[in-house]
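Structure, as C-alpha cells:
Please treat every number below as a calculation from the coordinates, not as lab data. Model, not experiment: these values are computed from the prediction. Positions of Cβ are backbone-derived with ideal geometry, glycine not excepted, and every protein chain shown enters the neighbour counts.
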Amino acid sequence: MRNFTPPLWITSADDPDDEYFSRRLSRRAKSGELTRVRQGLFRPTTVWHNLKPWEQYRMRIEAVHRTARSAPIFCHRAAAQMWGIPVITIPATVDTYEGRSGGGHSGAGVHRHRADLAKVCTARVDGLIVTSKLQTARDLAVVLPFPEAVAAMDRILSPRLLVGERRSGPIQKSQMEISMKLLPHANHIRRVERVLSFADGLSGSPGESLSRAYMKQFGFLAPELQHEVRDGQGRIGYTDFYWNELGLVGEFDGWVKYSRGEYLAGDLPAEALWKEKIREDRIRATGLRVIRWMWPEVSNPDLLRQRLLGAGLRPQ
C-alpha cells in the first residue's frame, strides 16, 4: 500500500465571518458539486469520485477524527488502514474504541467498540491515535473471515515496513502468542491461534495471502512460498507459489505489479510486462508448468478453485 496524501478539506468553518457560507456549502452539496463526507466536511465531488475506495475510507477516518470532541482511538479496520495493513473489504463504518462506560454502538458512520482502555495498546500514525500494529492484527483475527485475517497477519509478520511506520522490526509470532492469551474469551484465542499458525511473512501481497488461505479452505496441498528457480544462466527468480510434487509454479498477478513505481524498479509498465514474459519462458524451459491468476479469481473463490483444479491440484 502506498502513502496517501489527503487533499484539503472544504469546511463550514472556512469563512466564519460569513453567516451564509455554511448554507452555500449545503446547496453545493445538494447540487452534486460537493460531497459531504461528514457533517461540516466536504470534498469536491469530482475529486471524491476519483479516489480509490480505500482512499475514500482513509478520508472518512480523518473526518471522524476532525469532528470528534476528543481524539478517538481507531481500531480494527480503521487502524489497519492507517498502518497500511491490508483491508480487503472496506467497511461502511469507522471503528473506534471507547471506555466501557460508553455506548458501544454504531451511529453516524462510527462503530464504537467498548474496551478497557487501560489495556489497549496505542500508537500515533499521521497524528491519529490507533491501536498498535500487533493489537490491530490480533483484533482483526478475531472478527474477520479467515482469508482476510490471514492477509493482515501475513503483513505484520513481513520484514517490509508498513506505510504507518518509519522504522521497526516485524512482529514475531511469539509476541502474538503472548498477546492473544490476554483475550478474555477462549473462542477468540482459538480464532487468533488458527490465523497465526497459518500466517507467513514470506507472502508478497494481499492477493497472495488470500489465495493461500483459500487453498487451505479448499483442502489443497500447501504450496512453498518464494521458491527459487534457477537455470543454466543462474537465478531466474522467486515464485509466489510452488508445488514440487506437481512440478507447478503459481503466480498471482495483481495489476499493481505492472503499474506502481515501487514494483517497477525504474521500468515502464510495458518493459515490466516484457521482462515478466521472459522470466516465465525461462521457468517453463526448466520443465515446470506455470499457472497465473488475478484479482477476479481471488474475488470469486469458486473461480480460483476451478483454476487450480485445472492445473492438477486436488483436495487432500
Any chymotrypsin sites (Phe, Trp or Tyr not before Pro) in the stretch 63-136 that lie in a DSSP loop and have at most 10 other Cβ atoms within 10 Å would be none
Which one of A137, A186, A149 has the biggest mean-square fluctuation once the chain is modelled by GNM with Cα springs under 10 Å?
A186
Along the stretch 228-242, Karplus-curve 3J(HN,Hα) (6.51, -1.76, 1.60; θ = phi - 60°) to the nearest Hz, with x for Gly and Pro, reads 7, 10, 10, 9, x, 8, x, 6, 7, x, 10, 8, 5, 9, 8
Around I73, which amide H atoms from residues at least 5 apart in sequence, or from another chain, sit under 5 Å from its own amide H, with H modelled in the peptide plane?
Y97
What is the list of residues in the stretch 71-89 whose amide nitrogen lies under 17 Å from a point 7 angstrom out from the Cα of R166, following Cα to Cβ?
83
Acute angle (nearest 10 degrees) that the helix 269-285 long axis makes with the longest principal axis of the chain, alpha-carbon atoms:
30
With label points built 7 Å along Cα→Cβ from the Cα atoms of I178 and D116, find their separation and express it in nm.
1.8
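Using a 10 Å Cβ count of at most 14 others and DSSP loop calls, identify the longest part of the chain lacking such GluC sites (Glu not before Pro).
166-316
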How far is helix 206-218 tilted, in degrees, relative to the longest principal axis of the Cα atoms in the chain, given as a value from 0 to 90 rounded to the nearest 10?
60
Restricting to lysines and to Cα separations under 29 Å from K133, and discarding same-chain partners fewer than 8 apart, the set is K52, K119, K173, K181, K216, K257
Taking the Cα-to-Cβ direction at H188 and at R66 and moving 7 Å from each Cα, how far apart do the two end points lie in nm?
3.3
What residue among R230, R166, R190 shows peak mean-square fluctuation when the chain is described by a Gaussian network model with Cα springs under 10 Å?
R166
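Before rounding to the nearest 500, sum -39500 (n - 2.57) across all DSSP H runs of length at least 4 in the chain and divide by the residue total; then give [θ] at 222 nm in deg cm²/dmol. Before the final figure, lay out each step's value.
On the way: 13 runs with 133 residues, N = 316.
The helix-only estimate for the chain comes to -12500 deg cm²/dmol at 222 nm.
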In the neighborhood of I189, defined by Cβ-to-Cβ distances under 14 Å, what is the net charge if each Lys or Arg adds +1 and each Asp or Glu adds -1?
+2
Rounded tilt (10° steps) of 133-143 against the dominant C-alpha axis of the chain
80
Hey, what's the Kirkwood Rh for the chain if you take every pair of different alpha carbons, in angstrom?
21.9
So, over other residues within a Cβ distance under 11 Å of L51, counting Lys, Arg +1 and Asp, Glu -1, the net charge is +3
